[in-house]
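Participant: Following this message is one structure expressed as structure tokens.
The values are calculated or read from the model by the stated rules, or taken from the named source; none is laboratory data. Quick caveat: nothing in here was measured; it's all calculated off a predicted structure. Cβ placement follows ideal geometry from the backbone for every residue including glycine, while neighbour counts extend to all protein chains displayed.
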Amino acid sequence: MQDRLANLLGALSLAASDRIGEGAAAAASHGGAHPAALVHLLAYPGDSVEQLARILRISQPGAVQATNRLEAAGLVERRPGKDARTRALHLTRRGRTVAREVLAERTEAVGDLLDALDAEERAQLVPLLEKLVASLADDRPQALTVCRMCDRGACAAGEGAECPLEHTTVAAVA
């Protein structure tokens with residue numbers, strides 16, 4: 001049973017990743033880390049290239065190249081950062097629009113997969129997915145990486161709903 005469950009979840013995960021990647025790349029007119037960079041900067045404007053590299057799990061030179069491409073496309077701008085050596089990354093108006101389009105494509109791709117389930121089955125799946133997502137990170141940096149393509153508004157939608165990775169912020173607040 002465990003092998004079958006792992007196999008089915010693996011197949012679903014790969015299909016979801018492919019569909020999200022294709023839709024996000026089309027919306028952003030860039031593939032790879034670019035869509036996630038836009039979504040992350042929508043939620044966390046002002047992060048540096050170094051922070052972006054850690055969150056996207058790419059090299060610092062790769063993050064510089066991605067930022068250069070997004071800047072050339074008019075989606076990102078560099079502004080003065082916390083110190084003289086750091087530049088803060090901010091989405092342009094067009095960048096914010098494209099980031100929202102990336103999220104819409106992500107929602108559509110996952111929604112298409114969920115169409116196979118009825119409303120009751122979807123309701124049963126939510127707490128199971130919350131439990132799985134909660135186990136993906138123990139600290140804030142890990143959570144930011146896990147959530148690099150998350151729609152933060154959708155995560156907290158619903159009465160009493162909060163991000164399953166909310167536990168990663170407790171240490172930062174204390």
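Participant: Among the residues of segment 141-163, count how many are over 19 Å from LEU12 (Cα atoms) and surrounded by 15 or more Cβ atoms within 10 Å (Cβ to Cβ). Don't jump to the end; show me each part of the working.
Facilitator: Taking segment 141-163 as the starting set, the residues that turn out to be over 19 Å from LEU12 (Cα atoms) are 141-145, 148, 151-163.
Restricting the remaining residues to those that are surrounded by 15 or more Cβ atoms within 10 Å (Cβ to Cβ) gives 143-145, 148, 151, 155, 163.
Counting residues in segment 141-163 that are over 19 Å from LEU12 (Cα atoms) and surrounded by 15 or more Cβ atoms within 10 Å (Cβ to Cβ) gives 7.
Participant: In segment 1-39, which residue that is of a type in the set (Gly, Ala, Ser) and without any contact (Cβ under 8 Å) to a residue 24 or more places away in the chain is farthest from THR97 (Cα to Cα)?
Facilitator: As a first pass, look at segment 1-39 and keep what is of a type in the set (Gly, Ala, Ser): 6, 10-11, 13, 15-17, 21, 23-29, 31-33, 36-37.
Those left that are additionally without any contact (Cβ under 8 Å) to a residue 24 or more places away in the chain: 6, 10-11, 13, 17, 21, 25, 31.
On the way: ALA6: 37, GLY10: 32, ALA11: 32, SER13: 27, SER17: 22, GLY21: 18, ALA25: 14, GLY31: 17 Å.
Applying the filter and picking the extreme gives ALA6.
Participant: Identify, please: which residue in segment 75-131 is in a strand (DSSP E or B) and exposed (fewer than 14 other Cβ atoms within 10 Å of the Cβ) and is, among those, nearest to the chain's Cα centre (by Cα)? Steps first, answer last, please.
Facilitator: Initially, segment 75-131 is screened for residues in a strand (DSSP E or B), giving 76-80, 87-91.
Those left that are additionally exposed (fewer than 14 other Cβ atoms within 10 Å of the Cβ): 79-80.
Numbers: ARG79: 23, PRO80: 25 Å.
My answer is ARG79.
Participant: Do we have GLU71 as out of contact with any Pro (no Cβ under 6 Å at 6 or more places or on another chain), farther than 19 Å from CYS150 by Cα and of a type outside the set (Ser, Thr, Tyr) here? Walk me through it before giving the result.
Facilitator: Details: out of contact with any Pro (no Cβ under 6 Å at 6 or more places or on another chain): yes; farther than 19 Å from CYS150 by Cα: yes; of a type outside the set (Ser, Thr, Tyr): yes.
Yes: the conditions hold for GLU71.
Participant: Ok, one more. Take segment 52-74 and flag every residue that is in contact (Cβ under 8 Å) with a residue 40 or more places away in the chain and either under 17 Å from ALA25 (Cβ atoms) or hydrophobic (A, V, I, L, M, F, W, C) (or both). Full working, then the answer.
Facilitator: Here is the first cut: in segment 52-74, the ones in contact (Cβ under 8 Å) with a residue 40 or more places away in the chain are 54-57, 70, 73.
ILE55, LEU56, LEU70, ALA73 - these are the residues of segment 52-74 that are in contact (Cβ under 8 Å) with a residue 40 or more places away in the chain and either under 17 Å from ALA25 (Cβ atoms) or hydrophobic (A, V, I, L, M, F, W, C) (or both).
Participant: Conditions first: (1) at pLDDT 95 or above; (2) of a type in the set (Val, Ile, Thr); (3) assigned by TED's automatic domain parsing to the domain that holds GLY158. VAL126 passes all but one, so which condition is the exception?
Facilitator: (1)
Participant: Has segment 127-144 got at least one residue that is without any contact (Cβ under 8 Å) to a residue 24 or more places away in the chain, under 30 Å from SER29 (Cα atoms) and of a type in the set (D, E, K, R)?
Facilitator: For segment 127-144, residues without any contact (Cβ under 8 Å) to a residue 24 or more places away in the chain, under 30 Å from SER29 (Cα atoms) and of a type in the set (D, E, K, R): absent.
Participant: Restricting attention to segment 28-47, which residues are over 12 Å from the mean Cα position of the chain (by Cα) and surrounded by fewer than 19 Cβ atoms within 10 Å (Cβ to Cβ)? Quick ask: steps written out before the conclusion?
Facilitator: Here is the first cut: in segment 28-47, the ones over 12 Å from the mean Cα position of the chain (by Cα) are 28-32, 45-47.
Passing the criteria: SER29, GLY31, GLY32, PRO45, GLY46.
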